[in-house]
Amino acid sequence: MKSSKILAALVAASVLAVGLAFAADTKAPAAKVAGCCAKAQADGKACSHGCCVEAAKGGDNCTKCGGAGKVEKKAEAKK
Ligand SMILES: [Zn+2]
Ligand SMILES: [Zn+2]
């Protein structure tokens, strides 16, 4: 049964391709603003938590407060 082997190889290859596409999609970690920082942002302020300030300096959301990933740059061009 050679053809079934080829079929299995094709299926494996396509699964691998889908997996790679998924990996490329999820490579960038989802950015999540910490709750306290989101609240401060809603008030037009920067979060005053020391840990958040430190994280923001590095362009990151504060992971201690539940944030993740990089701080999203505000798109000034779009209004
Ligand atoms: Zn904060
Ligand atoms: Zn924090």
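Mind counting the residues in the range 28-56 that are over 14 Å from Val71 (Cβ atoms) and more than 9 Å from ligand 2 (Cβ to nearest atom)?
So the count comes out to 7.
Any chance you could count how many residues in the range 33-67 are within 19 Å of the chain's Cα centre (by Cα) and either assigned to a loop (DSSP other than H, G, I, E, B) or in contact (Cβ under 8 Å) with a residue 60 or more places away in the chain (or both)?
Going through the range 33-67 one residue at a time, the tally reaches 11.
Just so you know, all these numbers are worked out from the coordinates, no wet-lab data involved. Please read all numbers here as calculations on a predicted model, not as lab measurements. All Cβ positions, even for glycine, are placed from backbone atoms using ideal geometry, and neighbour counts span all protein chains on display.
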